[in-house]
Structure formats: C-alpha cells, structure tokens
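This report refers to the structure that appears directly beneath it.
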Amino acid sequence: MPLLRAFDRFFKHDAAGGILLMLSAVMAMVVANSAFGPYYEAALGSYLKITLNDVGLSKPLILWINDGLMAVFFFLIGLELKRELLEGKLKNPRDVLLPGVAALGGIAIPALIYAGLNWGQPDTIGGWAIPAATDIAFALGILAMVGKRAPASLKIFLLTLAILDDLAAILIIALFYTAELKIDYLLMALIPLAAMFWLNRQGTHRVAPMLLLGVILWVLVLKSGVHATVAGVLTAFFIPMKDKFGKSPLHALEHGLAPYVLYLIVPIFAFANAGVVLQGLTPADLLAPLPLGISLGLFLGKQAGVLGAVYLMVKFGFARLPSGANWGHIYGVACLAGIGFTMSLFIGSLSFSDPALMNQVRLGVLAGSLVSAVLGYSVLRFMRAPKEAPAQS
C-alpha cells in the first residue's frame, strides 16, 4: 500500500527521529495552551504506585517518564558508548581528539554564559548545566536534511561530539544532580552489579537475566538518591560485546531497542516536558536570567565553544578539519550543537521542581534550540557540496 510504503520510507530516513521530536514538542505546546491544558497537567501529575505492604515506589507520571523511560534512553546511550569505545569512533584516541576538545568547549562556554547571567541568583544558578547539552537525534536529523551538501565526515564529527557530550552529561548528572545519599541502598546496589559482572565474565548469551538485574539496580539506585538514569548506563556497560558463541548480545539489543527509544520514548519525553505555557508571557520574559542564560548558552555559547576549540586545535597543528569540510561546515555544525532539547529539558527537570521555573526552562530551551537549528540548517544548506575524489583508473 502506498501509505505503508510512505511510512516505511519516513522511518528509514535519518531525519525521522528529529522530525518526530519537533512534532511532539509542537503538540505539547498546543495542548498546554488549549482547553486541554489543565487535563495535560493533571495527567502528568497523577500518581502511579507500585508497592507491597506500603513499601515500593510512588511517583507522579512525569517522574515515571523522566526517571523510568529516560533510564531506558540512557541504557541505549550506554550501549552506543560501549560499542563506540570498543570498536567504533571512540576506539582510536587520535580520531576522538578534535571532536572531544570541541565537546569540552561546547560544554564549558554555555555553562559560563548561564552562570554569568544567573550569578547571585540562588534560585536559578543550579541550572548551569542545562545549555551544555546537545540532542543527538535532533542535531543529526537536521544535518540529514542538508543531504550531500555536507561531507560524510561531518556527520561522524557531529556524532562523536554529541556522544562525548552525552557522556559528559551523564557524569554531570551523577556528580552534581544527586540528592541526599542513602548508603544502605548504594551498598545493596553492589549485589546486582556483582551479578552482572559475573554474567559478563561468563559471556552469557541471554540478556533477560541481565535486564532483570538492571531493573533491580534501577530501583536501588533510585532509592539511594543517585539519579536512576545512571543505572541504565551501568547496566549497558555489563552487556557482553561477544558471548561464548561469538555472537554479540550488545549489537542485537542496541539494534532492537533503538527504534523504540527514538520513535516512542524520546517523543513521549518531549511531549511530557516541552509544554511551555505561553499565557501571560511577553517577549520581555525571554530576557529573564534563567531563559536568557539557557537560550544564549545554547545559541552563542555552543557556537563559540565548538568553533573556538576547533580553530585553536587546527591553528596550533594538533588536528585537521574533517575530510572535505571547510570552516563554513564547522560553523554550521557548531550551530547544530546548540540544539539542546531532550538533554537540556531533562537536566532542567533535575534542576528545578517549581513549575514556574520549569516553564522558563522550556522557554529558554525551545528558543535556543529553534534558533540554533534554523541557523545551522541555513548555513549548511547554502554551502557547496564537497567535490568527490576523482576515480582511480
């Protein structure tokens, strides 16, 4: 059927994930500002309990999404990180050097811009990491829409930069967004970790026991005060790259899980977290320290950090530009790195519990990400397609 073929072509396109994210964000804003807005907020605030004799978990739906579904998102990121470290783009340190330094610049400068604008504001300074993040799906989706005007090496550069950016975000969440620690739960978490280590050493080919242990680890880590998404990454790193039969449980799990994360979990997260309420807002509200710090951090900070780091690395001879790329391409990618969206909204949800502050976070993230996406696409769209190397006879 033509409709089914059209859907099949859409979901096979590299931009599909980014497009679904955009649609989810738009839908969230429409619903939040319509007559359904109160029902939207009530649904996200409704409690779901899993308890036995009053012992267990009791959280509003928004936290089940942010703590539970996003743990699966970070589990997939962990699988991708392990694969890239062992056999992919992060295996050779020389290949990591340029995007790695660019990622550091793209983390530090946005954080400094946010901190500078929110200095002396105890209610908002804790959100300094919000503009430091890059949304892989969104950024790569925009790059895919450019087509052959961007060299293939540019996608590898942006993907490596975004992966390292996510790794830094995981470390930031673990170190700076941990609540009061409960040592007893952390000690109990060592039990499933030890069991996963043993299964990994045995080269197990069954992932079900590992995933069950991962769920137990998630509950214990959540109860300990450390953010539960860390459990997703830890579980991923224990999935064997090769089992005792020479097959790869990690590859199979990553391949099977990726469509559900990209086309279901991340859009659900976006719909639940991007519903900025526009009623009563004026253009001047964007100039408040919180949204201004986020939007300028994403838009200007990412550009300055990524482009400046690449310029210094190339100027002093530590690295060369990606094959076929020029400075216009690098500037376009630096703009795309300013699309924070999923990760920025997630860190924002960890930073603030006040609904009014979270509305400002959404405003800043959406503004900074949107302008970064439009400028990045425009710059890359009007670049000349790189010349193909002549065929050898």
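Table for the structure above
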| item | result |
| --- | --- |
| Between segment 324-366 and segment 180-257, the Cα center-to-center distance that results, in Å | 29 |
| Span-like helix ranges in the chain, DSSP H, alpha carbon extent 20 angstrom or more, Kyte mean at least -1.0 | 16-32, 70-87, 93-117, 152-176, 183-201, 208-224, 355-381 |
| Value of [θ]222 nm, deg cm²/dmol, for the chain, DSSP H segments ≥ 4, -39500 (n - 2.57) each, nearest 500 | -21000 deg cm²/dmol |
| Segment 125-255 - percent of accessible surface contributed by carbon and sulfur, probe 1.4 Å | 71 |
| Accessible surface, per residue, of the chain when the full set of protein chains is kept, probe 1.4 Å, Å² | 50 |
| Of all accessible heavy-atom area on segment 273-360, the percent that carbon and sulfur account for (1.4 Å) | 66 |
| Cβ-placed point charges (K, R +1; D, E -1), dipole of segment 242-336 about Cα centre in debye, nearest 20 | 440 |
| Gaussian network model of the chain, springs between alpha carbon atoms under 10 Å - residue of Lys315, Lys155, Lys242 with greatest fluctuation | Lys315 |
| Cross-link partners of Lys155 among lysines (Cα-Cα below 29 Å; sequence separation of 8 or more within a chain) | Lys12, Lys82, Lys89, Lys91, Lys242, Lys247, Lys302, Lys315, Lys387 |
| Residue of Leu222, Leu63, Leu187 that the Gaussian network model of the chain assigns the largest fluctuation, springs spanning Cα pairs under 10 Å | Leu187 |
| Candidates per chymotrypsin sites (Phe, Trp or Tyr not before Pro) in segment 308-385, loop by DSSP, up to 14 other Cβ within 10 Å | Phe316, Phe318, Phe382 |
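The values are calculated or read from the model by the stated rules, or taken from the named source; none is laboratory data. No experiment lies behind these values; they were computed from the predicted model shown. Counting neighbours? That spans all protein chains shown, and the Cβs are built from the backbone with ideal geometry, glycine included. The area values use the complete protein model at the heavy-atom level, side chains included, leaving out ligands, DNA and RNA. Shrake-Rupley method; radii C 1.70, N 1.55, O 1.52, S 1.80 Å.
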